[in-house]
Amino acid sequence: FGPQAADRGVTLALDLPSELPRVVADWRRVSQVLGNLLTNALRHTPQGGCVTLSAAVVSTPAKGAEGRCVQVAVSDTGAGIPPQDLPYVFERFWRGDKSRSRAGGGTGLGLAIAKQLVEVHGGTIEAHSAPGEGSTFTFTLPVSPRAE
């Protein structure tokens, strides 16, 4: 995604620990989720802005003793998502920018597919945003029991 960021005049930053535990996942599908989130972040970040990919180990109490997950976040310094739109971002065919057509910027399926892929892997995905402050999309994947 470096060339796409450079073409748009956007900084692409990584905030990754030196080591992360293994997760049980289909790397192609996780790459698809990351690709969608990074593409969206680059699309909605103005020139001079920044998109950051980060990861960390988190605990998820709802998952009991097996509650360790790797949390991946894609944050941008774009315009943000209006609060009234935030609950709908993972719905099929929903587009925040009503002026965007399928020909000019997607089908409105990317985030819905990303959600489905993350959930099939036993993880969660969510979005946080505030107008004028950018957006952060995070997803979790359970740590492999063999990684303990």
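The values are calculated or read from the model by the stated rules, or taken from the named source; none is laboratory data. Here the structure is a predicted model, which means the values were calculated and not measured. Positions of Cβ are backbone-derived with ideal geometry, glycine not excepted, and every protein chain shown enters the neighbour counts. The area values use the complete protein model at the heavy-atom level, side chains included, leaving out ligands, DNA and RNA. Shrake-Rupley method; radii C 1.70, N 1.55, O 1.52, S 1.80 Å.
Select from the range 127-147 the residues that are touching a helix residue (DSSP H, G or I) at 6+ places or on another chain (Cβ under 9 Å) and free of Cβ contacts under 8 Å to residues at least 60 places away in the same chain and list them in ascending order.
Within the range 127-147, ALA127, HIS128, SER129 meet the criteria.
Need the failing condition index for ARG8 against (1) in contact (Cβ under 8 Å) with a residue 60 or more places away in the chain; (2) in contact with a helix residue (DSSP H, G or I) (Cβ under 7 Å, 6 or more places away or on another chain), just the number.
Answer for ARG8: the failing condition is (1).
Which residue, of ALA5, ALA13, is in contact with a Leu (Cβ under 9 Å, 6 or more places away or on another chain), buried (at least 19 other Cβ atoms within 10 Å of the Cβ), at pLDDT 95 or above and of a type in the set (Gly, Ala, Ser)?
Criteria check complete, one pass: ALA5.
Would you pick out the residues in the range 16-48 that are at pLDDT 95 or above, assigned to a loop (DSSP other than H, G, I, E, B) and in contact with a Gly (Cβ under 9 Å, 6 or more places away or on another chain)?
Across the range 16-48, the qualifying residues are THR45, PRO46, GLN47, GLY48.
So which pairs qualify, if the first residue must be in the range 68-94 and under 20 Å from LEU42 (Cβ atoms), the second must be open to solvent by 30 Å² or more (accessible area, probe 1.4 Å) and among the aromatic types (Phe, Trp, Tyr), the Cβ gap must be under 9 Å, and the two must be at least 6 apart or on different chains?
ASP85/TRP94; TRP94/TYR88
Let me confirm something: among VAL51, VAL74, VAL70, VAL58, which residue is part of a strand (DSSP E or B), in contact with a Cys (Cβ under 6 Å, 6 or more places away or on another chain) and of a type in the set (A, V, I, L, M, F, W, C)?
VAL58
When you look at GLN32, is it open to solvent by 30 Å² or more (accessible area, probe 1.4 Å), touching a residue at least 60 places away in the same chain (Cβ under 8 Å) and under 21 Å from GLY108 (Cα atoms), yes or no?
Yes: the conditions hold for GLN32.
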